[in-house]
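Have a look at the structure below, then the notes.
Values in this text are rule-based calculations from the coordinates and carry no lab data. Source: prediction; values computed, not measured. Positions of Cβ are generated from backbone atoms using ideal geometry, with glycine treated the same way; all protein chains shown enter the neighbour counts.
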Amino acid sequence: MIDLTKPPLCTRDDTILLRPYTLEDTDNLYDAARESIDEVYPFLPWCHPDSMREESEEWIRTCIKRWDRGAVYNFAIFDPSELIFLGGCGLDLLGSENSRANLGYWVRTSATGRGVATLAIRLLADYGFKHLALRRIEILMATHNHASRKVAEDVGAKLEGVLRNRLVIHDVSYDTYSYALIPSDYE
């Protein structure tokens, strides 16, 4: 039986730990973002060249508040053996009436190419279906974001189409691929 009153704070397997951000993660987040500007900034404007540590702290404070309201479940991704910060992922609930969420993810540059995003997204999707009673998880990415598309396909998400001018990044509209996962994809 699914208990929606209090979903667990963490989920993990042998290689990935997902847990909510804490203020103690501020330096980890800031350092990882600074390291990853060249790869992440083209797709995620928050990871910009002029970022300051205070922005990371404020973002984490917002994550904590939104988690407490049950609106967004953002997780820090760690290597559990050494507690090395690898990136982040999250579920932004799009409407409880439809039991669906948008899933986002990023991995710091020094951790790419090792399957971190794929493992984290599998754990996160499982978390959403089991503990949040989601019936649909959507993953959107700009059509030129080849790495993100590969992750979506590697986790078994189904391509449902191309949405024209769906994302605005740096004041430019981009078409996006629309992928989705449903619980039966994990049965």
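A compact table of results
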| read-out | value |
| --- | --- |
| Given charges at beta-carbon only (K, R positive; D, E negative), |dipole| of the chain in Debye | 620 |
| Built amide H within the under 5 Å cut-off of ARG135, gap 5+ | ARG100 |
| Highest to lowest packing among 165-176, 111-122, scored as the average C-beta count within 10 Å | 111-122, 165-176 |
| Extension gain (nm, one decimal) between LEU167 and ASP154, 0.36 nm per residue minus Cα-Cα | 2.4 nm |
| Cα-projected label distance for ARG53 with ARG12, points at 7 Å along beta-carbon direction, nm | 2.7 |
| C-alpha center-to-center spacing [segment 127-187, segment 58-118] in angstrom | 15 |
| Two-site FRET efficiency, ARG114 against ASP38, from Cβ-Cβ distance with R₀ of 22 Å, rounded to 0.05 | 0.75 |
| Ranked MET52, MET141, criterion: other C-beta atoms within 10 Å, fewest first | MET52, MET141 |
| Theoretical ellipticity at 222 nm over the chain - DSSP helices of four or more residues, -39500 (n - 2.57) apiece, nearest 500 | -9000 deg cm²/dmol |
| Summed side-chain charge close to VAL172 - residues other than VAL172 whose Cβ falls under 15 Å, Lys, Arg +1, Asp, Glu -1 | 0 |
| Candidate values (1) 124; (2) 108; (3) 97, label of the one derived for volume of the Cα convex hull per residue in Å³ | (1) |
| Of the DSSP H helices in the chain, those whose Cα atoms cover at least 30 Å axially and whose Kyte score averages 1.0 or more | none |
| Leading residue at positive end of dipole, segment 1-132 (Cβ point charges), from VAL40, GLY128, THR112 | GLY128 |
